[in-house]
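Below: the structure, in structure tokens.
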């Protein structure tokens, strides 16, 4: 059981993991997996369960049933086997490094920048 929502532990593919991010795209999962494995974490990626469907409303007499909804794109969950991992703490404690050797910044983590500009503190950045 997690103390707060920033530190959840779940079982992914039969392995207990600290959850890094949920309901993300394949590209985001690949980015996080590459980054975290470079930083020596054991990463587990699992397919997220589909969202719960709302119960169907009964049709009135003579009403035509609506077409079925399109299938949602597949989403993923990324976790690491180190239960003490917390992405917020790792970023702001400057514990993670990018593949090119820079310290991972918040903008790089969220893929807003292609290169981590670790020479500028986050509180001095102008967005």
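The values are calculated or read from the model by the stated rules, or taken from the named source; none is laboratory data. What you see is a predicted model; the values in this text were computed from it and never measured. Using ideal geometry, Cβ is built from the backbone for each residue, glycine included, and neighbour counts are taken over all protein chains shown.
Every test in (1) modelled with pLDDT under 90; (2) assigned to a helix (DSSP H, G or I) is passed by residue 71 save one, and that test is (2).
Pairs only if they're at least six apart or on different chains, beta carbon under 9 angstrom, first in the stretch 98-113 and touching a residue at least 24 places away in the same chain (Cβ under 8 Å), second in a loop (DSSP other than H, G, I, E, B) and surrounded by fewer than 12 Cβ atoms within 10 Å (Cβ to Cβ); list them, first residue then second. Pairs that qualify, where the first residue is touching a residue at least 24 places away in the same chain (Cβ under 8 Å) and the partner is in a loop (DSSP other than H, G, I, E, B) and surrounded by fewer than 12 Cβ atoms within 10 Å (Cβ to Cβ), are 98/115; 104/94. Taking the stretch 99-113 as the search range and keeping residues that are exposed (fewer than 11 other Cβ atoms within 10 Å of the Cβ) and under 18 Å from the mean Cα position of the chain (by Cα), which one is modelled with the lowest pLDDT? Here the residue is 112. Selection of the stretch 36-52 for residues being in contact (Cβ under 8 Å) with a residue 40 or more places away in the chain and farther than 11 Å from residue 80 by Cβ yields only 38. In the stretch 3-35, how many residues are out of contact with any strand residue (DSSP E or B) (no Cβ under 8 Å at 6 or more places or on another chain), surrounded by 13 or more Cβ atoms within 10 Å (Cβ to Cβ) and free of Cβ contacts under 8 Å to residues at least 24 places away in the same chain? So the count comes out to 1.
For the condition under 21 Å from residue 29 (Cα atoms) and exposed (fewer than 11 other Cβ atoms within 10 Å of the Cβ), residue 96 does not qualify.
Pairs meeting the criteria (first residue in the stretch 85-96 and on the phi < 0 side of the Ramachandran plot and assigned to a helix (DSSP H, G or I), second residue modelled with pLDDT under 90 and surrounded by fewer than 13 Cβ atoms within 10 Å (Cβ to Cβ), beta carbons under 7 Å, at least 6 apart or on different chains) are 88/6.
All of (1) at pLDDT 90 or above; (2) under 30 Å from residue 120 (Cβ atoms); (3) in contact with a helix residue (DSSP H, G or I) (Cβ under 7 Å, 6 or more places away or on another chain); (4) not in a helix (DSSP H, G or I) hold for residue 45 with one exception: (2).
Only one of the numbered conditions (1) surrounded by 13 or more Cβ atoms within 10 Å (Cβ to Cβ); (2) under 16 Å from the mean Cα position of the chain (by Cα) is not met by residue 39, and that is (2). Looking at 80, 64, just one residue is exposed (fewer than 12 other Cβ atoms within 10 Å of the Cβ) and either in contact (Cβ under 8 Å) with a residue 12 or more places away in the chain or out of contact with any helix residue (DSSP H, G or I) (no Cβ under 9 Å at 6 or more places or on another chain) (or both), and that residue is 64.
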